[in-house]
There are 4 protein chains.
Amino acid sequence: MDRKEIHSILEAALEKGREAIPDGEVASYIPELSKANKDHIGLSISTIDGRRFNIGDTDIRFTIQSISKIISLAVALEACGPDAVFAKVSMEPSGEAFNSLIDLDTDINKPRNPMINSGALTVASLLLPKVTFSEMKIFAKKLCMDPDMELDKAVYNSEKANISRNRAISYLLESKGIIENDVEDTLELYTKMCSLTVTAQSLANMGMILANDGIDPTSGTRLLKSETVHIIKTIMFTCGMYDGSGKFAVHVGIPTKSGVGGGLVSVVDKLMGIGVYSPSLDAKGNCIAGRPLLQHLSKELKLHIFERNNRM
Amino acid sequence: MDRKEIHSILEAALEKGREAIPDGEVASYIPELSKANKDHIGLSISTIDGRRFNIGDTDIRFTIQSISKIISLAVALEACGPDAVFAKVSMEPSGEAFNSLIDLDTDINKPRNPMINSGALTVASLLLPKVTFSEMKIFAKKLCMDPDMELDKAVYNSEKANISRNRAISYLLESKGIIENDVEDTLELYTKMCSLTVTAQSLANMGMILANDGIDPTSGTRLLKSETVHIIKTIMFTCGMYDGSGKFAVHVGIPTKSGVGGGLVSVVDKLMGIGVYSPSLDAKGNCIAGRPLLQHLSKELKLHIFERNNRM
Amino acid sequence: MDRKEIHSILEAALEKGREAIPDGEVASYIPELSKANKDHIGLSISTIDGRRFNIGDTDIRFTIQSISKIISLAVALEACGPDAVFAKVSMEPSGEAFNSLIDLDTDINKPRNPMINSGALTVASLLLPKVTFSEMKIFAKKLCMDPDMELDKAVYNSEKANISRNRAISYLLESKGIIENDVEDTLELYTKMCSLTVTAQSLANMGMILANDGIDPTSGTRLLKSETVHIIKTIMFTCGMYDGSGKFAVHVGIPTKSGVGGGLVSVVDKLMGIGVYSPSLDAKGNCIAGRPLLQHLSKELKLHIFERNNRM
Amino acid sequence: MDRKEIHSILEAALEKGREAIPDGEVASYIPELSKANKDHIGLSISTIDGRRFNIGDTDIRFTIQSISKIISLAVALEACGPDAVFAKVSMEPSGEAFNSLIDLDTDINKPRNPMINSGALTVASLLLPKVTFSEMKIFAKKLCMDPDMELDKAVYNSEKANISRNRAISYLLESKGIIENDVEDTLELYTKMCSLTVTAQSLANMGMILANDGIDPTSGTRLLKSETVHIIKTIMFTCGMYDGSGKFAVHVGIPTKSGVGGGLVSVVDKLMGIGVYSPSLDAKGNCIAGRPLLQHLSKELKLHIFERNNRM
């Protein structure tokens, strides 16, 4: 496929996404997030063989939010080992909303997976003795090939001021012996990671490196172990879109993770990463433009995991 | 009935209770509570007309724990008014364990009643702008006719060190707008109230004053409004024994509240208060000797609410 | 109190109830029930000493619905003994809606109480080998002092045609070994009992006989054992108004049972029975006029269980 | 890879599975199933290019059980269309056990996915007006390339005699308007489909045809539409192993469906089908040998969806 042909598919995909924007709402539970421009939408693609495609608002900075759960999980898997991580958090799709407490307080007694808040807070707690936030930020910049990632202080402060539910989850985890390190430090690391800024382009890069088995193809540097990357991609596929993950897997079929800042990162294995920015969210907290946009891309470029042509 | 006759009934009741002790366990989730002597058992009665009966270990001091929920609710009802209190906490039996979070996070979104932890923490929060702990303690001393009530610092510190679950509940309540005052101050007041020391005798006095419509008969002083006392007694009847309240109502039929310190207070309306101390608890967190002991008393003295003879 | 004075209190109470009617709705899930006249309201009182008061629509026939749960429980307690009954169904307030399946399928694995559908279906199953529906009807007529009670065939057929949920509950109970007799026979007995017709007057009589310890004062015949009546009254108090029982206990304080046909029966122990008919229901399935009407009565006549004057 | 090399990998995989057998139990809730020989274990592979590998007990007949949910879903998707099917049943992993009622009775009000009983019963109901059981059986024979598939009458009768829970689920679905056709007919079709007999070889064939986009490669006949096969494979991946699906996806990474008869079918897309028989089950109802066996295969042959080499 030539560049022009691809471009016209991407543009059509963006339009599919744009049509869904009015049905969603910008996140309002954190005041600072509600300032986003609901009409913004951007689509970036970064291929392993070095091509870049950017359409729409792909250089606007927004906070990474839950997409940081991937980065934290990856670092925890490497720093602690999968066994230690999965002793504390399961890897089952939850069927529950992202901030559910219910599952946690039944006989399961373990967060369902690292993509929901309870699981990600558990992962953050595991990271505390291993890395500092500064080190995490340095790693995130590499993974996103984005040297401009910074903590958005306004968002960070806004989140800290609206953190009661995550604090409740964390203390519940402490009461069950799942969080063993300091709860307030855990919340700080978690919230800081959520407050890092990215663009659709940085997300596309992150997805591309995951598609490339954890290796940055520009330098040949391995950033993550192969095993880590397999786990991450599988969990993105089964749990990445909260309680909409199953439908997304059927219709789109690409491992994807969303954040309430409006970002989406998708991994087309061995081929490319996709980054989307569109802050209008559906009721589950996923960017509402994401599914129609990616469904169009998936269909036109044959990216569904069970319908791959492995070329573009 | 003469004193001797009553005494022999009380002794038989105490023996009924004592037989159940081996089937229970001293509270272990707070280390300091686990030091209680499981074999201790005491029964005190205080009648409106001034009689006192004490059998067994009735002068041992222990912490009041959840029985303080009655005192806090009573003060909140008077300080804030029933409408303000019940805007924040329901008055339905919960059918759930005392420390349940589940109900709280479903569509109910309001603690089920003031006798479970979530409800009592809500009440404590309502009290913050109205009274200090010192004032609460002074009032508790009057209500129990027990000038020696003090904060048990060892228990208080032990509880503070094991407070994660109550902290989780409180922050969840804050996230839902139910707790509007400071969460850490709420936890401190709640925990201090739980750590006040009583004896079976003080509990019998408290029950007697509630039986006497809130008036201390020795001085004629009204400590609580009639309306407050009606509410308290009804809620003790329907919710006082956690998820064992229904069975207790059928078999014993006397408004009663338990605490994990091993105390029980019962109100035989217009007649007397009963205080029990026995730190061996059943699986629901109620003193295990309580039901057989009080069932015997209820039967022999005809104290069941639907079988009262109103004399003794 | 003279007759005229009482009459004027009853009339005021009826008006309190009438004011609430517009806020409710006639039951619609069973088509035949939806034909009731929402504006009908009647209040009957029957005292142990033989006085009768009837105000409003007290001779309109309607189906007894869930109030029959009291009759069935009473007969089961006598035919099988309390131990056999409570081996199959608990006596805890449920905190859940009347037709909840959730509790039933958690670790409890036993209906919470005999006043919710799952518990009443269990009771009906226990009755199968002991009595026929004809015998139940004969007994119900005696208990209500109402020789005209009959099966309302139109309602019965309408309920049978809308029985899926109760059938689901019953088969779930069978799968757990709680219902051991034929499920379809159980459903038939249960539904027939619900379809018996009463008036506010018959309900007042039933309440009066329960207030009189199970003895019909006109003949001196004991219809129910004292023990049975105590259990019934206590369970009515703690569980009679579904998940509104706790609030009702605080505000009204009289053991009461509701039915979706619009009936209410209240037992003022040792004094009188109260029957109410008003088919406009609140969201919990209780007659919406009931609480304000009975709250007024309770206050004016001092009928609250913790504020009784035992006279009228 | 030559045949001998592959054979030795399969033998090693079988041994990995065999080691897990003692930790599981043969299904006991249906008496007839409990007669299976716990020590049996067989592994069959059927490749698109016509190779067959059979190791161990691959010609023992057993009932297909929940694996039939795939066949029924496939037929329903073709007969009714995906929109009609997914209007009645979601496609989200449930996080709950296979026979859960809870989810069904909360605000979701729709079975979570077609791989749990409530979802599969809904699918069976949708099939009723479209196909007969005989037609379903003929289709199943083609899909499994197994002309000897028959109804196991002993198992069918045993299941019918222990069907209360599925009957409860079905009537609950009827009460919610999800099952609109006859409930008893639905149960019969569902149970008959579960009682069809297969071997590890027939399951391998079914998996192979799904891997081949729904086309039987021996005849070139398309048995299922491409769209249907994509949906089936994705749902197998996210939901095929009940509440163990997420862990299975990470460790094995091959779309797989289990049945309590001891069968497993796996689809290695574009390459082959795998059939396993081992009736010793884990606590979630999945064949306990399955995960270690398939994990070994997946690792050695690089079959994980995110680590495919697409050759063998």
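Its relative contact order, with pairs defined as Cα atoms under 8 Å and 6+ residues apart, puts segment C:7-64 at 29 percent. Within the shell of other residues whose beta carbon sits under 14 angstrom from the beta carbon of B:LYS160, the net charge comes to -3, with Lys and Arg scored +1 and Asp and Glu -1. Between B:LYS247, B:LYS160, B:LYS110, the residue with the greatest mean-square fluctuation in the GNM of chain B (Cα pairs under 10 Å linked by springs) is B:LYS247.
Summary for A:SER226: label point 7 Å along Cα→Cβ; distances to the equivalent points in the other copies, ascending, 3.1, 8.4, 8.4 nm.
Between the alpha-carbon centres of segment C:12-39 and segment A:149-190 there is a gap of 50 Å. For C:ASP2, the label point sits 7 Å beyond Cα toward Cβ; its separations from the matching points on the remaining copies run 4.9, 10.9, 11.8 nm, from shortest to longest. Here D:LYS225 is the anchor, and the aspartates and glutamates within straight C-alpha reach of less than 16 Å, apart from those fewer than 8 places off in the same chain, are A:GLU307, D:GLU78, D:ASP83, D:ASP213, D:ASP216, D:ASP269. Taking the Cα centre of chain D as origin and assigning +1 to Lys and Arg Cβ atoms and -1 to Asp and Glu Cβ atoms, the resulting dipole is close to 520 debye.
The residue among D:GLY261, D:PHE306, D:LEU294 whose Cα reaches farthest toward the positive pole of the charge dipole of segment D:245-312, with charges on the beta-carbon of Lys, Arg, Asp and Glu, is D:PHE306. Where does helix C:133-144 land angle-wise versus the long Cα axis of chain C, in degrees 0 to 90, nearest 10? Roughly 20 degrees between the two axes. Which longest uninterrupted range of chain D lacks any GluC sites (Glu not before Pro) assigned by DSSP to a loop state (not H, G, I, E or B) and surrounded by at most 15 other Cβ atoms within 10 Å? Counting at most 15 other Cβ atoms within 10 Å as exposed, the longest clean stretch of chain D is D:1-149. Local charge for C:LYS16 was computed over the other residues whose Cβ lies under 11 Å away, with Lys and Arg +1 and Asp and Glu -1, and equals -1. Sorting A:ILE232, A:ILE138 by accessible area puts them as A:ILE138, A:ILE232; the probe is 1.4 Å, largest comes first, and only protein heavy atoms count. Averaged over peptide D:238-248, the number of partner chain Cβ atoms lying within 10 Å of each residue's Cβ comes to 5. Think of segment B:173-245 as having a plus end and a minus end, set by charges on the Cβ of Lys, Arg, Asp and Glu; of B:TYR190, B:ILE215, B:LEU173, B:ILE215 sits farthest toward the positive end of this dipole.
Look at the stretch C:136-146: the mean tally of other chain Cβ atoms within 10 Å of its residues' Cβ atoms is 0. Separation of segment C:214-244 from segment A:268-289 is 62 Å, based on Cα centroids.
In chain C, the beta-carbon sitting nearest the axis that superposes C on D belongs to the residue given here with its distance in angstrom, C:ALA168, 2. The phi torsions of segment A:27-32, fed into the Karplus equation with coefficients 6.51, -1.76 and 1.60 and a -60° offset, translate into couplings of 3, 10, 6, 10, x, 5 Hz, rounded to whole numbers, with Gly and Pro shown as x. Taking only Cα atoms and a 10 Å spring cutoff, compute GNM fluctuations for chain C and point out the largest among C:ASN113, C:ASN166, C:ASN37. Top of the fluctuation ranking is C:ASN37. Electrostatic tally near A:VAL276: other residues with Cβ closer than 13 Å to its Cβ, Lys and Arg +1, Asp and Glu -1, net +3.
When A:SER28 is represented by a point 7 angstrom out along its Cα-to-C-beta vector, the spacings to that point in the other copies are 2.8, 4.9, 5.4 nm, nearest first. Averaged over the residues of peptide B:295-308, the number of Cβ atoms from other protein chains lying within 10 Å of each residue's Cβ is 3. Computed on chain D, with alpha-carbon pairs under 8 angstrom and 6+ residues apart, the relative contact order is 28 percent. The angle separating the long axis of helix A:290-301 from the principal Cα axis of greatest extent in chain A is about 40 degrees. Taking D:THR199, D:THR234, D:THR122 in turn, the Gaussian network model of chain D (Cα-Cα springs below 10 Å) assigns the largest fluctuation to D:THR234. Each Cα pair under 8 Å and six or more residues apart adds its sequence gap; the mean of these over the residue count of segment C:139-231 is a relative contact order of 34 percent.
Which angle between 0 and 90 degrees, to the nearest 10, do you get for helix D:164-175 versus the longest principal axis of chain D when only C-alpha atoms count? Relative to chain D, helix D:164-175 is tipped by roughly 50 degrees.
For segment A:1-70, applying the loop criterion from DSSP together with a ceiling of 15 other beta carbons within 10 Å to the chymotrypsin sites (Phe, Trp or Tyr not before Pro) yields A:TYR29. Each residue of segment B:253-262 was assigned a 3J(HN,Hα) from its phi angle through the Karplus expression (A = 6.51, B = -1.76, C = 1.60, θ = phi - 60°), giving x, 10, x, 9, 10, 10, x, 5, x, x Hz with x at Gly and Pro. Among the trypsin sites (Lys or Arg not before Pro) in segment C:271-311, those placed in a DSSP loop whose Cβ has at most 16 other Cβ atoms within 10 Å are C:LYS284, C:LYS302, C:ARG311. Placing a label point 7 Å from the Cα of B:GLU150 along the Cα-to-Cβ line, the residues of segment B:192-226 whose backbone N sits under 11 Å from it are B:197. Here the dipole of the protein assembly as shown is about 0 debye; that uses its Cα centre as origin and unit charges on the Cβ of Lys and Arg (positive) and Asp and Glu (negative).
The values are calculated or read from the model by the stated rules, or taken from the named source; none is laboratory data. A quick note: this is a predicted structure, and the numbers were derived from the prediction, not measured. Here the Cβ is made from the backbone with ideal geometry for all residues, glycine too, and neighbour counts use every protein chain on show. Surface areas here come from the heavy atoms of the whole protein model, side chains and all, with no ligands, DNA or RNA. Shrake-Rupley method; radii C 1.70, N 1.55, O 1.52, S 1.80 Å.
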